[in-house]
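The values are calculated or read from the model by the stated rules, or taken from the named source; none is laboratory data. Quantities reported herein were computed from a predicted structural model and do not represent experimental measurements. All Cβ positions, glycine included, derive from the backbone under ideal geometry; neighbour counts span all protein chains shown.
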Amino acid sequence: MKLQVAMDLLTVEDALELAGQVAEYVDIIELGTPLIKAAGLSAVTAIKAAHPDKIVFADMKTMDAGELEADIAFKAGADLVTILGTADDSTIAGGVKAAKAHNKGIVVDLIGVADKVTRAKEVRALGAKFVEMHAGLDEQAQPGYDLRGLLRAGEEARVPFSVAGGVNLSTIEAVQRAGADVAVAGGAIYGAADPALAAKELRAAII
């Protein structure tokens, strides 16, 4: 299972600093949507230049113009780009077309999708590299939120998937047991007093 750090920061400088601290422990460096909106795709270029050996993930959350937006992100240095699972099939297919042209990948983010299992199978058939079983920050803040719903959906869908939404030291074993290909840790790393140590401990917990 790969470890992905989600950097929900707002400046290129902060992102470069965090990436430098944790790069040796993670496989995928994700530039969160707030970072891309605040700093632009130059942030993607900067991270890829600093860490050319890492998979750079641009969390675009594209909802329309899939081929165009994916193409822009791939040209900026992204290896993986997200399109929302609630987008039209043609939007996802367009993103996949751009990914094939660049020999890169589209990840379909299932945030806000009620039937994640069915949609996961559909978008995989459209050419998604993998799907992201994702609960956003707002959903996680709701009373009673539980990561287990995402894990059950991943197990049932039987397609390559990542899990994002409450991955930390206490849950990462369950994420791996569910068969996830990628564990996405955001606040557990960037919110830690020592992000490098947090990333190292998560890496060590992966069998």
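Within region 26-33, is even one residue within 20 Å of Gly127 (Cβ to Cβ), over 16 Å from the mean Cα position of the chain (by Cα) and hydrophobic (A, V, I, L, M, F, W, C)? There is no residue in region 26-33 that is within 20 Å of Gly127 (Cβ to Cβ), over 16 Å from the mean Cα position of the chain (by Cα) and hydrophobic (A, V, I, L, M, F, W, C). Somewhere in region 143-161, is a residue within 22 Å of Ala58 (Cβ to Cβ), in contact with a helix residue (DSSP H, G or I) (Cβ under 6 Å, 6 or more places away or on another chain) and not small (Gly, Ala, Ser)? Yes; the residues of region 143-161 include at least one that is within 22 Å of Ala58 (Cβ to Cβ), in contact with a helix residue (DSSP H, G or I) (Cβ under 6 Å, 6 or more places away or on another chain) and not small (Gly, Ala, Ser). In region 75-99, the residues that are free of Cβ contacts under 8 Å to residues at least 60 places away in the same chain reach residues that are among the aromatic types (Phe, Trp, Tyr) with C-beta atoms within less than 6 angstrom, at least six apart or across chains, in these pairs: Leu80/Phe57. For region 121-154, give me each residue that is buried (at least 17 other Cβ atoms within 10 Å of the Cβ) and not in a helix (DSSP H, G or I). Across region 121-154, the qualifying residues are Ala128, Lys129, Phe130, Val131, Glu132, Met133, His134, Ala135, Leu147. Of all residues in region 20-31, none that is over 18 Å from Glu201 (Cβ atoms) and modelled with pLDDT under 95 has its Cβ atom under 8 Å from the Cβ atom of a residue that is of a type in the set (Asp, Glu) and surrounded by fewer than 18 Cβ atoms within 10 Å (Cβ to Cβ), 6 or more apart or on another chain. Within region 92-122, being β-branched (Val, Ile, Thr), in contact with a strand residue (DSSP E or B) (Cβ under 8 Å, 6 or more places away or on another chain) and farther than 16 Å from Asp59 by Cβ holds for one residue alone: Val96. Counting only helices (runs of 4 or more DSSP H) that sit wholly inside region 162-207, those with at least 3 residues that are among the charged types (D, E, K, R) and on the phi < 0 side of the Ramachandran plot are 195-205. Scanning region 6-17 for residues that are polar (S, T, N, Q) and surrounded by 15 or more Cβ atoms within 10 Å (Cβ to Cβ) yields nothing. The residues on offer are Gly66, Gly40, Gly77, and the sole one that is among the small types (Gly, Ala, Ser) and on the phi < 0 side of the Ramachandran plot is Gly66. Set side by side, the residues Thr118, Thr86, Thr91, Thr82 differ, and just one is more than 30 Å from Asp194 (Cα to Cα), polar (S, T, N, Q) and not in a helix (DSSP H, G or I), which is Thr86. Against the conditions (1) touching a residue at least 60 places away in the same chain (Cβ under 8 Å); (2) assigned to a helix (DSSP H, G or I), Leu35 satisfies every one except (1). Per the conditions (1) touching a strand residue (DSSP E or B) at 6+ places or on another chain (Cβ under 6 Å); (2) without any contact (Cβ under 8 Å) to a residue 40 or more places away in the chain; (3) more than 20 Å from Lys61 (Cβ to Cβ), the sole criterion not satisfied by Val175 is (2). Criterion applied to Gly20, Gly94, Gly66 was being surrounded by fewer than 19 Cβ atoms within 10 Å (Cβ to Cβ) and over 14 Å from the mean Cα position of the chain (by Cα), and the one residue passing it is Gly20. A single entry from Thr82, Thr86 fulfils the requirement of being hydroxyl-bearing (Ser, Thr, Tyr), surrounded by 15 or more Cβ atoms within 10 Å (Cβ to Cβ) and within 15 Å of the chain's Cα centre (by Cα): Thr82.
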